[in-house]
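Shown next, in C-alpha cells, is the structure this report addresses.
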Amino acid sequence: MFKLGMMYSAGSGGCPMDRVSAHMIFNLAAMKGSIEARVYRREMSQEMEREELAEAQRAARRYIDRGVVRLVA
C-alpha cells in the first residue's frame, strides 16, 4: 500500500498525481503498521487544505467499513 501511496503522491507509474488518494492510501498503510506511511501522511497533511484532508479521511473510512482493508490488531 505504501508504494501505491507514493505513486499517487508523485503522479508516477500510471497514477495521476492526487493528494487526496495518496493521503487516504498512506492513512490505510499507516493503520496497517507502516512507519514510512505515517511519515508521508504527516507531510502530505501539511500541504493539504482542510477539505482535502476530510475527503481523504472519509474515503479511508469507507474502505475500512466495507472490509476492503483489514487493520492490525
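Answer yes or no: is there a residue in segment 53-67 that is open to solvent by 50 Å² or more (accessible area, probe 1.4 Å) and under 10 Å from the mean Cα position of the chain (by Cα).
Going through segment 53-67, the residues open to solvent by 50 Å² or more (accessible area, probe 1.4 Å) turn out to be 55, 57-58, 61-63, 65-66.
Filter again for under 10 Å from the mean Cα position of the chain (by Cα), leaving 57.
The answer is yes; a qualifying residue exists.
Name every residue in segment 9-39 that is open to solvent by 40 Å² or more (accessible area, probe 1.4 Å) and under 9 Å from the mean Cα position of the chain (by Cα), in order of residue number. Scanning segment 9-39 gives a single hit, Arg19.
Of all residues in segment 21-30, none are out of contact with any helix residue (DSSP H, G or I) (no Cβ under 6 Å at 6 or more places or on another chain) and either polar (S, T, N, Q) or outside any helix (DSSP H, G or I) (or both).
Count of segment 5-22 residues, restricted to those that are closer than 17 Å to Ala59 by Cα and either in contact with a Lys or Arg (Cβ under 9 Å, 6 or more places away or on another chain) or modelled with pLDDT under 95 (or both), is 4. Go through segment 1-20 and report how many residues are part of a helix (DSSP H, G or I) and not polar (S, T, N, Q). Residues in segment 1-20 being part of a helix (DSSP H, G or I) and not polar (S, T, N, Q): 10 in total.
Going residue by residue through segment 37-45, is there one that turns out to be free of Cβ contacts under 8 Å to residues at least 60 places away in the same chain and in contact with a Lys or Arg (Cβ under 7 Å, 6 or more places away or on another chain)? Let's see the steps before the verdict.
Within segment 37-45, the subset free of Cβ contacts under 8 Å to residues at least 60 places away in the same chain is 37-45.
Checking the rest, the ones that are also in contact with a Lys or Arg (Cβ under 7 Å, 6 or more places away or on another chain) come to 44.
Yes, some residue in segment 37-45 is free of Cβ contacts under 8 Å to residues at least 60 places away in the same chain and in contact with a Lys or Arg (Cβ under 7 Å, 6 or more places away or on another chain).
The values are calculated or read from the model by the stated rules, or taken from the named source; none is laboratory data. Keep in mind that what you see is a predicted model, and the values were worked out from it rather than measured. Cβ atoms come from the backbone with ideal geometry, glycine included; neighbour counts cover every protein chain shown. Note: accessible area is taken over every heavy atom of the protein model, side chains too, but ligands, DNA and RNA are not part of it. Shrake-Rupley method; radii C 1.70, N 1.55, O 1.52, S 1.80 Å.
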